1. Going highest first, how would you order 244-254, 198-208 by mean Cβ packing within 10 Å?
2. Test of the criteria: in the stretch 49-89, which GluC sites (Glu not before Pro) are in a DSSP loop and have at most 10 other Cβ atoms within 10 angstrom of their Cβ?
3. Using the per-residue mean of other Cβ atoms lying within 10 Å as a proxy for protection, in what order, highest first, do the peptides 81-92, 218-229 fall?
4. Can you give the Rg to Rh ratio of the stretch 347-398, both from alpha-carbon atoms, with Rh computed by the Kirkwood formula?
5. Any idea how far the Cα center of the stretch 197-246 sits from the one of the stretch 75-98, in Å?
6. Arranged from highest to lowest average of other beta-carbon atoms within 10 Å per residue, in what order do the peptides 45-51, 432-438 appear?
7. So what is the relative contact order of the stretch 62-396, in percent, for Cα pairs below 8 Å that sit 6 or more residues apart?
8. Only sites in a loop by DSSP and with at most 16 other Cβ atoms within 10 Å count here; which GluC sites (Glu not before Pro) in the stretch 379-414 make the cut?
Amino acid sequence: MQDAAELQAHFAEFGQSHVFRFWDQLDDAGRTRLRLQASGIDLAALARIQANLAAAAGAVPSELEPIEAERLPDYGGDVSRASRASARGDEILASGRVAALVVAGGQGTRLGFEGPKGAYPIGPVSDRSLFEIQAQKIRGLRRRTGHDLPWCVMTSSATDDATRAFFRDNEFFGLPERDVLFFCQGKIPSLDFDGRLMLEAPDRIFENPDGHGGCLTALAASGVLDELTDRGIDTLFYYQVDNPLVRMCDATFLGYHDEAGAEFSCKVARKTDPDEKVGVLARAAGRVVVVEYTELGDADRYTRDDRGELVYWAGNLAIHLLTIDFVRRVADDADRFLPFHASEKMIPHLDDAGKLVEPDSPNGRKLERFVFDALAAAERVCVVEAERSSEFSPVKNADGTDSPATARRDLIASYHSWLTAGGISPADSSAAIEIDHAKIDGPVDARGLGVRGAADAGDAIRIASGDSV
């Protein structure tokens, strides 16, 4: 921790001396907190980030080309090729070379829920949390493959303590504690529109988590990446905690990724309409990129091919595979491969009189890194189409689309389809049901259960009375 006078002089050099305007009012503990936080902020790097943001302002993607993808059979995909990929993925899983990585730094504030979003109750019958459902899927994979499958859980400073406690209180959902690897993403200060740091308290600079792209740098900095290497892991399955339908460590996806020799692979789904607010995968300047919906021009947004399909159809699902060596290379050169982006936000802050201001319009910029920016560093990329209804139903909003209600609806629909394919009839086709993913995580598992009716499956299948949700 730097000397107070030197630190204040350093901040003044970068036009940030206002950070210490309440210094004389702070007690020793408050001064120590502010010195400790300020000492950890790289003002030169922050200045470079601002310069890069200014240089990139108004930039649009270079001329785009449609992406090539491994398509679903309904859109021309090769069924036998998918079968071979699935078999190859099963071999990879059986070799113990894969770990799951969940980005779980967010809070459930938008859902009206206090606590980490992963603790949100989503089970249609049991109210099992997002974390528990995902843990069930990992337990099922461990049972089927006979191998450990480490689960890397990225938290944030706001959720780290609560997430660890939630896992402890739930006995790690039946997983060995040694195989749940927590690590915390980094933070970066937010800036007002003049590029000045903002105070959230007299002794605290406002900082925010550094985005899902920060998981790659945090994996390296935390030592988790080294631990995975020591365990013989060479592939990471990346997903976000708010998607209860995620097909954990999908064997077909793994097979395609391995056959392509890819360093970074992406799952995509067809956009529901041209104006859907989702980034799309495309090629620009010979590289695979994700183009945010705000950056896609109308000429590209609405263009259709001879079959009437959108040319830029491949919506990003935030489900990826990355090799460990690739993650290490990106983390070692993060300023190049993971540039910061800025978004205008309403940021509570102290004014010059020390009064807390709760703005009613954007007053500053939060900085964050996007994991998909690392695509530019990949020599080989594999893109695989997924069926949205069976693999993607995020919990983002309290009501309406992408809400707990739609996620539970989609979970129930998946469960019913698995049972039907497995020859198992539910007691009531209209009832809400819930499946234990550790025992049944797809039609094959359902078929292998060897029962005719859901009521005969014990606690593997729970059935609620009344109408489905």
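All of the numbers you see were taken from the coordinates with simple rules; none came from a lab. As the structure is a prediction and not an experimental result, all values here were calculated from the model. Using ideal geometry, Cβ is built from the backbone for each residue, glycine included, and neighbour counts are taken over all protein chains shown.
1. Numbers: 244-254: 22.9, 198-208: 18.3.
Most protected by this proxy first, the peptides run 244-254, 198-208.
2. Working: sites: E63, E68, E70; in loops: E63, E68.
Listed in order of number, the matching sites are E63.
3. On the way: 81-92: 16.9, 218-229: 18.5.
Final packing ranking: 218-229, 81-92.
4. Working: Rg = 20.0 Å, Rh = 16.3 Å.
Using only Cα positions, Rg/Rh for the stretch 347-398 is 1.23.
5. One Cα centre to the other: 28 Å.
6. Values: 45-51: 14.9, 432-438: 22.7.
With the highest mean Cβ count within 10 Å placed first, the list reads 432-438, 45-51.
7. 25
8. Working: sites: E379, E385, E387, E391; in loops: E379, E387.
Passing sites in the stretch 379-414 are E379, E387.
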